Structure formats: C-alpha cells, structure tokens
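Visitor: The structure under discussion is supplied below as structure tokens; questions concerning it will follow.
The values are calculated or read from the model by the stated rules, or taken from the named source; none is laboratory data. Predicted, not measured: the structure shown is a model, and the values here were computed from it. Ideal geometry is used to build each Cβ from the backbone, glycine not excepted, and the neighbour counts take in all protein chains shown.
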Amino acid sequence: MNLVKRYWGWEVVWLLYATANSLAVTFIAVGAGQVTGQSNIDIPYFTLYLLLGTLVWHFLSGMFNAVSEVISWERWEGTIEYTLMAPVHRWVHLIGQTLFAVFWSLFTTIIIGGITALFFEINLTSANLGGALIILICGSISLIGIGIISSILPLMYPERGMQMTHIIQASFLLVSGVYYPITVLPAWMQFLAQLSPVTYVLNGIRASIMENAPTSDLMQYIVPLLIFGVVTVPLGVWAFMKAEAYAKRTGRLKRVG
C-alpha cells in the first residue's frame with residue numbers, strides 16, 4: 001500500500017490505460033456489424049462477451065503481476081536484503097502480498113467495469129452473480145500459486161527474470177480465450193488452453209453471467225480450479241523458499257541485477 005501511495009501517479013496512468021483498453025476492445029462488438037456487413041450479429045451478447053473477457057483478464061493479470069513481481073519491486077526499492085533477511089516466515093510474506101494483490105486488482109477492476117458499463121447497455125438481471133463470484137475466488141487461488149512460482153524467476157535471474165514473468169502472462173492471454181473462444185485456436189494450442197486456469201475462469205464466468213448457468217453446472221470449472229490451487233500454492237511456497245536459500249548461498253540476493 002505504501003508503494004501505491006508513493007507512485008499514485010503511475011497507478012492513475014495504468015488505471016486510465018486499462019479503462020481505455022477495455023472500452024476499445026468492447027467497442028469492437030459495437031462495430032462488428034459495420035466491419036463484416038452482417039446485420040444478424042447479436043451485438044449485446046458480443047459486447048458482454050468481450051467486456052467480461054476484458055474485466056476478468058484485468059483482474060487476473062493484475063493479481064498475477066503483483067505476486068510475480070514481488071522480488072522485482074523489492075530489488076527496485078533497494079529493500080530486498082532487509083525483506084528476505086527479516087525474521088518473518090516466508091509464507092506470511094507471500095500470503096500478505098497476495099491478499100493485497102487480490103483486493104487491489106478487484107478494486108481497480110470494479111472501477112474499470114463501472115466506467116465501461118456507462119458506454120454500453122449491459123443487462124445482468126438473469127445472471128448468476130453468486131456463481132461468478134465463486135468462480136472468481138477459485139480462479140484467484142490458482143493464479144496465486146502460479147504467480148508465486150513465477151516470482152522465483154526474478155529471484156534466480158536478476159537481469160532477465162522479470163521479463164520472463166511477462167512471457168508467462170502473455171502465454172495465458174494467447175491461449176485462454178480472453179477475447180475469442182479457444183475452439184478457433186490450432187489443436188495444439190487448444191491443448192495448452194486446457195492447462196490454463198484462466199480458461200476455466202473465463203468459461204465459468206461467461207456461463208454464469210451470459211447463460212445464467214446454475215452453480216451446480218459450474219462444478220466443471222470449479223473443480224479444476226481448486227485442483228490447480230491445491231497443487232500450485234503449496235508448491236509455489238515450497239519452491240520459493242528453496243530458491244531463496246539458493247539465492248542467498250550463491251550471492252544472487254542483491255539490490256541490482
């Protein structure tokens with residue numbers, strides 16, 4: 001939170017950029033008829049499809065960034081030695097960082113969604129919002145685990161680790177069906193999509209909001225997400241502690257790359 005207050009100007013910049021990006025993507029649905037020359041396109045449905053993809057991706061990617069870049073921020077601020085040498089259990093450090101990431105990403109996503117909704121006619125009267133919330137919570141847990149695992153990269157590779165986390169994030173964006181169904185992807189990319197928790201979050205939220213699917217029907221998305229979370233979170237904490245010990249032993253724990 002102190003970093004947010006210190007760099008509040010940048011937070012405003014990124015919030016405005018994300019809002020503009022959300023509007024730009026969602027306007028694709030509005031202009032689809034003019035671009036294709038087709039008059040039978042369900043514009044409201046297409047609009048909601050893109051809007052949900054944009055908002056869910058902003059939430060998940062923002063949370064992923066905040067967790068995976070924890071070491072990069074410490075190194076940038078020059079506090080990495082103090083943080084990792086402090087008498088605090090590593091799981092406390094990582095879970096605290098994670099909780100802030102969840103709440104901050106949710107806060108900014110709500111703002112972006114509220115602004116974007118002013119430009120379009122969005123009808124959620126028949127949506128299963130409770131089911132969508134469950135999907136989002138389960139998806140957050142799974143992304144947290146992957147984010148913790150990814151945060152090892154800047155720890156092990158001070159010069160290029162941060163760039164490697166962005167490659168992971170871009171891969172999720174490509175194969176998870178954020179702006180299009182995964183069925184349009186090549187077969188080998190569709191296989192990779194099944195290994196991405198973002199795929200299940202998007203499909204589950206779209207089913208609950210756009211199709212009003214009951215919560216019982218959402219178990220096909222909830223169960224894989226819980227499995228992802230149960231496996232990746234403990235694995236991530238364990239792997240981070242091992243990587244931290246190695247970094248301290250080999251002198252990689254330093255303020256600059």
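Visitor: From GLU81, GLU69, which residue is modelled with pLDDT under 85, among the charged types (D, E, K, R), closer than 30 Å to GLU159 by Cα and touching a Lys or Arg at 6+ places or on another chain (Cβ under 9 Å)? Give the steps one after another, and end with the answer.
Guide: Numbers: GLU69 fails: touching a Lys or Arg at 6+ places or on another chain (Cβ under 9 Å).
Result: GLU81 is the single residue among GLU81, GLU69 that is modelled with pLDDT under 85, among the charged types (D, E, K, R), closer than 30 Å to GLU159 by Cα and touching a Lys or Arg at 6+ places or on another chain (Cβ under 9 Å).
Visitor: Also, quick follow-up: Is it true that some residue in the stretch 174-185 is at pLDDT below 90, farther than 25 Å from TRP91 by Cβ, over 19 Å from the mean Cα position of the chain (by Cα) and loosely packed, with under 15 Cβ neighbours inside 10 Å?
Guide: Checked against the condition, which is being at pLDDT below 90, farther than 25 Å from TRP91 by Cβ, over 19 Å from the mean Cα position of the chain (by Cα) and loosely packed, with under 15 Cβ neighbours inside 10 Å, the stretch 174-185 yields no hits at all.
Visitor: Sticking with this structure for a sec: Please tell me if ARG90 is modelled with pLDDT under 85, touching a helix residue (DSSP H, G or I) at 6+ places or on another chain (Cβ under 8 Å) and buried (at least 21 other Cβ atoms within 10 Å of the Cβ).
Guide: Here the answer is no, as ARG90 does not meet what is asked.
Visitor: Moving on. Every residue in the stretch 131-169 that is over 21 Å from SER105 (Cα atoms) and among the small types (Gly, Ala, Ser), please.
Guide: GLY161
Visitor: What is the one condition in (1) in contact with a Lys or Arg (Cβ under 8 Å, 6 or more places away or on another chain); (2) modelled with pLDDT of 90 or more; (3) not aliphatic (A, V, I, L, M) that GLY257 does not satisfy?
Guide: (2)
Visitor: Might you check whether a residue that is exposed (fewer than 14 other Cβ atoms within 10 Å of the Cβ) and at pLDDT 85 or above occurs anywhere in the stretch 45-53? Spell out the reasoning first.
Guide: First pass over the stretch 45-53, keeping only residues exposed (fewer than 14 other Cβ atoms within 10 Å of the Cβ): 45.
Checking which are at pLDDT 85 or above leaves us with 45.
Yes, because at least one residue in the stretch 45-53 is exposed (fewer than 14 other Cβ atoms within 10 Å of the Cβ) and at pLDDT 85 or above.
Visitor: When the stretch 54-78 is examined, which residues are found to be outside any helix (DSSP H, G or I) and buried (at least 21 other Cβ atoms within 10 Å of the Cβ)?
Guide: GLU69
Visitor: Then there is this: Can THR83 be described as assigned to a helix (DSSP H, G or I) and farther than 14 Å from GLU244 by Cβ?
Guide: Numbers: assigned to a helix (DSSP H, G or I): yes; farther than 14 Å from GLU244 by Cβ: no.
No: the conditions fail for THR83.
Visitor: Follow-up. I want to confirm something. Restricting to the stretch 116-136 and keeping residues that are among the hydrophobic types (A, V, I, L, M, F, W, C) and under 19 Å from ILE43 (Cα atoms), which single residue is surrounded by the fewest Cβ atoms within 10 Å (Cβ to Cβ)? Talk me through it step by step, then tell me what you get.
Guide: If we filter the stretch 116-136 for residues that are among the hydrophobic types (A, V, I, L, M, F, W, C), which is where we start, we get 117-120, 122, 124, 127, 129, 132-136.
From the residues that got through so far, the ones that are under 19 Å from ILE43 (Cα atoms) too are 117-120, 122, 124, 127.
Numbers: ALA117: 15, LEU118: 8, PHE119: 14, PHE120: 17, ILE122: 17, LEU124: 13, ALA127: 18.
My answer is LEU118.
Visitor: Which residues, counting only those in the stretch 33-72, are acidic (Asp, Glu) and within 15 Å of TRP14 (Cβ to Cβ)?
Guide: Here is the first cut: in the stretch 33-72, the residues acidic (Asp, Glu) are 42, 69.
GLU69 - this is the single residue of the stretch 33-72 that is acidic (Asp, Glu) and within 15 Å of TRP14 (Cβ to Cβ).
A quick yes/no check of all residues on (1) touching a residue at least 12 places away in the same chain (Cβ under 8 Å); (2) in contact with a helix residue (DSSP H, G or I) (Cβ under 9 Å, 6 or more places away or on another chain); (3) aliphatic (A, V, I, L, M):
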residue	(1), (2), (3)
THR19	yes, yes, no
LEU23	yes, yes, yes
GLN34	no, no, no
TYR49	yes, yes, no
MET63	yes, yes, yes
GLY78	yes, no, no
